[in-house]
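Visitor: This structure is in structure tokens; I'll ask about it shortly.
The values are calculated or read from the model by the stated rules, or taken from the named source; none is laboratory data. Keep in mind it's a predicted model, so treat the numbers as computed, not measured. All Cβ positions, glycine included, derive from the backbone under ideal geometry; neighbour counts span all protein chains shown.
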Amino acid sequence: MSLKADLLRAKTEEDVKDAYIKAIGLKAYNKTLVDIRTKEIWFEAKGFPTPPVVMFAQLLFYVRNARKLGEQIPPFLCVIDTEKAAIMETANALPILDDKLIKWPKSGSKIEKSLAIQLAPYIETHFVVYQLDTYERDFINAIKSAISAGKIIRTPITPDNLRQVFDKWVGMIGEELTGVAPTDYALLFFADIMHDGKKAAVQDLPAKLLHDGDKPVFFLNGVMYELNSLHGYRNFWAIYHRPPDEEYRRYLIERRDSLLPLNEREFKGAFYTRLSVVDKAYDELAAVLGKNWQQRYIVWDMCCGVGNLEVKHSNYHNVFMSTIDQADINIMRAAHTCVGATIFQYDYLNDDVNEFGLIDYSMTSKMPVALQTAIADATAKKRGAKKILILINPPYAEATSTDNAASKGVDRSKTGVARSKFASAGMDGYGKASNELFTQFLARVHKEIPTATVATFGKLKYVNSQAFEEFRKVWQAKYLGGFVVHSRAFDGLKGDFPIGFLIWDTSRPEPITEIVTDVLDRNAAYVGDKTFTNIENDLLLSTWPIRPKANKTPALPLKGAVEPATTTADLRGTNWSDGAIGWFNCAGNDLQQASRLTMILSSGFASGRGFFINKDNLWQVAVMFAVRRLIKPTWLNDRDQFLQPNQQLTDEFKNDCLVWTLFNGANYTAAVEKIRWNGADWPLTNHFLPFTEAEVGAKTAFASNFMTTYMSKLKLSAEANAVMAEGRKLFRHYHQQKFGRTIVDEFKLGRSDVGWWQIRRALKANLANELTDFDPLDAKYNMLSEKLSPQVFDLGFLPE
Ligand SMILES: C[S@@+](CC[C@H](N)C(=O)[O-])C[C@H]1O[C@@H](n2cnc3c(N)ncnc32)[C@H](O)[C@@H]1O
């Protein structure tokens, strides 16, 4: 788990300290007046975002006192909060400790902003701020090196991160230089990085970095450029090391022409990948594939569109890019995108696929010979052969969905997706996955380059959906790492769901059981971790209950609480079951479906998937009902599957679930004198009344007292009793009211044993005539929800 993930969970300042201690791996420390104290570093922590200078003021107060007492002070100071950390060498702050002009407060607890304001001009230039979203790894490395080597080791600039460093340089430094043409940024960037801060490390570069005092000034074509603010400059060069290692310098300079500033708005294409997301993908590739990966791997993106995924690459000699649309190729050429890469038009799902689904490059002769050779060498594991990395964001179209079809060049009809040559001839054994374009890409790569490392964007269903079980039997690989990001981070994608960027080693086939990913929000900011799991069918919640059989007694099929079925096609719910008191609808087994399809009714459901409720399974129905509805689906969890509980359930939990179910909006149980359906009148009996006639002041007897008898044997918790008490008041309130004809007709209020759905809806509809205060019940109900929700995870109904 990363530091940022721990900080997101942190509730107190103590949690924040512990998160940093764990991430840095601190062993010898103590927590005293100074928040965390080690021999090498003192830390000041805050449990909320705080300006670094305010935290440093606090820390310097302690340093000053320690100095007065002759105690040892550490060589480094560090301030930490929930979003960022900053480091400073103590030596840089020592002169101000004796400065008579600064008014130091008497006690540490009295440190106020005023001290920070006095200290700011002296210390601001000496500390380095690391925003953990972007620089978590750099921070941890820096602090570890401060501890072990007594100095801060900065991140080196290498062929692998050149493009990313350049983009950050443009944001923090380039854009602070007034009057520079964006096309000249690369020249100034090289002047800046090929300099050690005192003298140039490479002579004869077109631009020069000079100094006016300690202020950097750039010189290009006889024009001088100054920085508007030195803030970004100092911070940037406190994070990165310059100049780059000698062995890389020549090579990096040769990349200069390929560095043009990237403007997000210039990138278009079908569901193109935002550059901020591409940046994260390159961070992940570097973390997973290791040092110099861009030298060691040949990259092929066979659905590159206009090339977004490759623009952060720093070594185009090793990059092959192809895509279906010649127009996209033309755009890349005109915009000088990825100059040096081999770019060609290629329809990956149709070109070079023969009638047996085999790959034969002689069919179109479009495949560059160099790429053919690289594939052959990698597949044969020839000595010295480079590995192949397939880096793709394939189209997401599927046979069942026409509105998200791939691109102009692809047949958008449903059959068009499934009908690619490769899907028809090369995907035997892949099951439904042959209907989807992105799995067609994965399957051809699997056949063509069985040793490839595959880094792919895509929906998560190939990893965890039951529908892809057959796919996973054939397509097996070792998961190396990755992240999921909100679909809105992609241009043109509708809906809220996770898109994965997952890296796989297909040369090491193994079943996909569980993967852990980072989670990025729609702004590509890190927000936590998430586990995606494949679950065997017999562990799913849907297979937990024994489903009572239907009998031969006809039943009224409903389409709502008091509405009869109108459909005739695939009509369900037309037969009763022995001893049944209602119907539990529980279609699907994931959060998304559960939120829409979980309900109980007083007769069968016309298009139902579920089972009849009786006295024996009522507790189980209540548990399933509650756990399926307690947790709201989000973009990230909506495909999570419900599981059977992993431990014995307590009576308190079961009873809490029952009360929660009875007062839920999807408890559609009702009583109606007669409902006309299929030429006959059908009564609807309500067995779900938790109160007696006397308790609620009903004027006539209820047809069923099943629920009050059932509940009389239960011991309810304080939270459940509180809901019952407020619920009872609303039932009583209902029985005291007179409703107009429209409301009576709409909710079929003819009988006194009407159900919770009828009561709630009638009272709400009557608000204009008579005020009903639902707040007291809502408050108690929310308390019960808060009690139950964490148990959904604790008892194993959902993965944490
Ligand atoms: C999701 S977009 C990704 C584009 C780009 N790589 C990016 O990340 O922004 C998928 C791309 O695949 C291309 N494509 C669709 N079908 C293809 C096929 N059969 N062969 C090659 N490329 C295809 C589309 O034109 C589109 O540009």
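Visitor: Of the residues Thr125, Thr134, Thr178, only one is over 34 Å from the mean Cα position of the chain (by Cα) and within 28 Å of Ala91 (Cβ to Cβ); which?
Guide: Answer to the check: Thr125.
Visitor: Among the numbered criteria (1) at pLDDT 90 or above; (2) away from the ligand (no atom under 11 Å from the Cβ); (3) not basic (Lys, Arg), which single criterion is violated by Phe457?
Guide: Condition not satisfied by Phe457: (2).
Visitor: While we're looking at this one, here's another question. Ser487: of a type in the set (S, T, N, Q) and touching a Pro at 6+ places or on another chain (Cβ under 9 Å), yes or no?
Guide: Considered against the rule, which asks whether it is of a type in the set (S, T, N, Q) and touching a Pro at 6+ places or on another chain (Cβ under 9 Å), Ser487 comes out as yes.
Visitor: Six or more apart or on different chains, Cβ under 6 Å: which pairs go from a residue in the stretch 372-396 that's aliphatic (A, V, I, L, M) to one that's within 16 Å of the ligand (Cβ to nearest atom) and assigned to a loop (DSSP other than H, G, I, E, B)? Could you list them?
Guide: So the pair list comes out as Ile375/Ile449; Ile388/Ile449; Ile392/Cys303.
Visitor: Any residue at all in the stretch 679-688 that's in a helix (DSSP H, G or I) and of a type in the set (Ser, Thr, Tyr)?
Guide: no
Visitor: Please count how many residues of the stretch 27-52 are touching a residue at least 60 places away in the same chain (Cβ under 8 Å), buried (at least 20 other Cβ atoms within 10 Å of the Cβ) and under 33 Å from the mean Cα position of the chain (by Cα).
Guide: Within the stretch 27-52, residues that are touching a residue at least 60 places away in the same chain (Cβ under 8 Å), buried (at least 20 other Cβ atoms within 10 Å of the Cβ) and under 33 Å from the mean Cα position of the chain (by Cα) number 1.
Visitor: Let me ask something else. Among the residues of the stretch 753-764, which ones are touching a residue at least 60 places away in the same chain (Cβ under 8 Å) and either not aromatic (Phe, Trp, Tyr) or not assigned by TED's automatic domain parsing to the domain that holds Phe688 (or both)?
Guide: Within the stretch 753-764, Asp753, Val754, Gly755, Gln758, Arg760 qualify.
Visitor: How many residues does the stretch 471-500 contain that are under 15 Å from the mean Cα position of the chain (by Cα), assigned to a loop (DSSP other than H, G, I, E, B) and among the aromatic types (Phe, Trp, Tyr)?
Guide: Total meeting the criteria: 1.
Visitor: Now, a different point. Say we look at the stretch 713-751 and pick out the residues that are touching a residue at least 60 places away in the same chain (Cβ under 8 Å) and more than 47 Å from the chain's Cα centre (by Cα); which of these is nearest to Trp619 (Cα to Cα)?
Guide: Arg751
Visitor: Continuing with this model, one more query. Have a look at Ile503, Ile515 and point out the one that is farther than 20 Å from Val278 by Cβ, modelled with pLDDT of 90 or more and part of a strand (DSSP E or B).
Guide: Ile515
Visitor: Select from the stretch 1-21 the residues that are farther than 13 Å from Glu136 by Cβ and of a type in the set (Lys, Arg) and write down the one among them that is farthest from the chain's Cα centre (by Cα).
Guide: Applying the filter and picking the extreme gives Lys17.
Visitor: Suppose the filter is free of Cβ contacts under 8 Å to residues at least 40 places away in the same chain and either buried (at least 17 other Cβ atoms within 10 Å of the Cβ) or over 29 Å from Ile253 (Cβ atoms) (or both); does Tyr361 pass it?
Guide: yes
Visitor: Same structure, new question: Looking at (1) touching a Lys or Arg at 6+ places or on another chain (Cβ under 6 Å); (2) farther than 23 Å from Gly588 by Cα, can you tell me which one Asp491 breaks?
Guide: Result: Asp491 passes all but (1).
Visitor: Restricting attention to the stretch 317-342, report how many residues are surrounded by fewer than 21 Cβ atoms within 10 Å (Cβ to Cβ) and either touching a Cys at 6+ places or on another chain (Cβ under 6 Å) or not assigned by TED's automatic domain parsing to the domain that holds Val278 (or both).
Guide: 0
Visitor: For the stretch 204-248, what are the residues that are of a type in the set (Asp, Glu) and surrounded by fewer than 14 Cβ atoms within 10 Å (Cβ to Cβ)?
Guide: Matches in the stretch 204-248: Asp204, Asp212, Asp214, Asp245, Glu246, Glu247.
Visitor: Whether any residue in the stretch 384-402 is within 16 Å of the ligand (Cβ to nearest atom), assigned by TED's automatic domain parsing to the domain that holds Phe501, assigned to a strand (DSSP E or B) and exposed (fewer than 14 other Cβ atoms within 10 Å of the Cβ) is what I want to check.
Guide: The answer is yes; a qualifying residue exists.
Visitor: Please specify each residue of the stretch 670-700 satisfying the condition of being in contact (Cβ under 8 Å) with a residue 12 or more places away in the chain, closer than 22 Å to Lys729 by Cα and surrounded by fewer than 18 Cβ atoms within 10 Å (Cβ to Cβ).
Guide: Passing the criteria: Thr692, Glu693, Glu695, Gly697, Lys699, Thr700.
Visitor: Among the listed residues Leu798, Leu763, Leu784, which satisfies the condition of being more than 23 Å from Thr685 (Cβ to Cβ), assigned to a helix (DSSP H, G or I) and within 43 Å of the chain's Cα centre (by Cα)?
Guide: Leu784
Visitor: Cβ-Cβ distance below 8 Å, separation of 6 or more or different chains: which pairs start in the stretch 771-800 with a residue that is under 21 Å from Arg639 (Cα atoms) and end on one that is surrounded by fewer than 13 Cβ atoms within 10 Å (Cβ to Cβ)?
Guide: Final answer for the pair search is Phe793/Glu800; Leu795/Asn646; Leu795/Gln647; Gly796/Asn646; Gly796/Gln647; Pro799/Thr531; Glu800/Thr531.
Visitor: Can I ask one more? Can you work out which of the residues in the stretch 316-356 that are farther than 24 Å from Asp160 by Cα and part of a helix (DSSP H, G or I) is farthest from the ligand (Cβ to nearest atom)?
Guide: Ala334
Visitor: In addition: Given the criteria within 23 Å of Arg37 (Cα to Cα) and out of contact with any helix residue (DSSP H, G or I) (no Cβ under 6 Å at 6 or more places or on another chain), does Gln131 qualify?
Guide: When the stated conditions are applied, Gln131 passes them.
Visitor: What tally of residues in the stretch 56-113 results from selecting those that are more than 43 Å from the chain's Cα centre (by Cα), of a type in the set (Gly, Ala, Ser) and not in a loop (DSSP other than H, G, I, E, B)?
Guide: 1
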